[in-house]
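First up is the structure itself, then whatever we jot down about it.
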Amino acid sequence: MTIDIPGYRPGTYVIDPSHSEVGFSVRHMMISKVKGTFHVIEGVIEAPENPLDAKVSAKAETASINTKDEGRDQHLRSADFFDAEQFPEITFVSTGVRHEGDEFHVDGDLTIHGVTKNVTFELEFGGFGTDPWGNYKAAVTGSTKIDREEFGLTWNAALETGGVLVGKDVTITVDLQGALQA
């Protein structure tokens, strides 16, 4: 099955880190959410004639985490969480693209903390266009939810009022803009 996407051009799109972001949110103290980003990302989207045959590979550096609190960021980089020294990257490699109704899904292998699990990102196309310098660009937003403990991120602290400091479910959101290579 081939699908028509207005503006779609086959080729290799290189992710532009200055116009892309990998973000996450997780429950804090069971009452609010903490959000963060990874600033250093890179990746490639191989877009063949049939968009359903596309392949994605991307990575983020764990040491680039930013939650707007340097003390928390240092803790997240430590062996209690990401262990950025031993596991410097989070990676995603797609294994398939599906189109169901009006929705696109990208299945793939997500590796965090040395553990690889199959996940599905729900995609929303931002569109396609040419920037003022003649570069053809594509943009997508995707999200998935994971259980951080399945990736070996198990540190937590019990609260006096009941519950725990850090929730298990983490929502990962990617906003990617890529430039078509000549």
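The values are calculated or read from the model by the stated rules, or taken from the named source; none is laboratory data. Fair warning: this is a prediction, and the values are worked out from it, not measured in the lab. With ideal geometry, Cβ positions are generated from the backbone for all residues, glycine too; neighbour counts draw on all protein chains shown.
Here are some conditions: (1) farther than 27 Å from TRP155 by Cβ; (2) out of contact with any strand residue (DSSP E or B) (no Cβ under 7 Å at 6 or more places or on another chain). ASP80 meets all but one. Which one does it not meet?
Against the list (1) farther than 27 Å from TRP155 by Cβ; (2) out of contact with any strand residue (DSSP E or B) (no Cβ under 7 Å at 6 or more places or on another chain), ASP80 comes up short only on (1).
Among residues belonging to the stretch 90-101 that are part of a strand (DSSP E or B) and out of contact with any strand residue (DSSP E or B) (no Cβ under 7 Å at 6 or more places or on another chain), point out the one that is farthest from ALA63 (Cα to Cα).
That would be GLU100.
Specify the residue that is surrounded by the most Cβ atoms within 10 Å (Cβ to Cβ); the eligible residues are those in the stretch 140-161 that are more than 19 Å from THR116 (Cβ to Cβ) and touching a residue at least 60 places away in the same chain (Cβ under 8 Å).
So, considering only residues that are more than 19 Å from THR116 (Cβ to Cβ) and touching a residue at least 60 places away in the same chain (Cβ under 8 Å), the one surrounded by the most Cβ atoms within 10 Å (Cβ to Cβ) is TRP155.
If you take the residues in the stretch 162-179 that are charged (D, E, K, R) and surrounded by 13 or more Cβ atoms within 10 Å (Cβ to Cβ), which one is nearest to the chain's Cα centre (by Cα)?
Checked the stretch 162-179; the qualifying residue nearest to the chain's Cα centre (by Cα) is ASP175.
State which residue pairs qualify: first residue at positive phi and inside the stretch 86-100, second residue buried (at least 17 other Cβ atoms within 10 Å of the Cβ) and assigned to a strand (DSSP E or B) in any location, beta carbons under 7 Å apart, and separation of 6 or more residues or different chains.
none
Restricted to the stretch 102-120, and to residues that are assigned to a strand (DSSP E or B) and at pLDDT below 95, which residue is surrounded by the fewest Cβ atoms within 10 Å (Cβ to Cβ)?
Checking each candidate, the answer is GLU103.
Filter the stretch 63-88 down to residues that are hydroxyl-bearing (Ser, Thr, Tyr) and part of a loop (DSSP other than H, G, I, E, B) and give me whichever is surrounded by the most Cβ atoms within 10 Å (Cβ to Cβ).
THR67
Quick grid of which residues meet (1) at pLDDT below 95; (2) closer than 30 Å to THR161 by Cα; (3) assigned to a helix (DSSP H, G or I):
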| position | (1), (2), (3) |
| --- | --- |
| THR2 | yes, no, no |
| THR12 | no, no, no |
| SER18 | yes, no, yes |
| MET30 | yes, yes, no |
| LYS35 | no, yes, no |
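Which one is nearest to GLY163 (Cα to Cα), of the residues in the stretch 37-62 that are crowded, with 17+ Cβ neighbours inside 10 Å and small (Gly, Ala, Ser)?
So the residue we want is ALA60.
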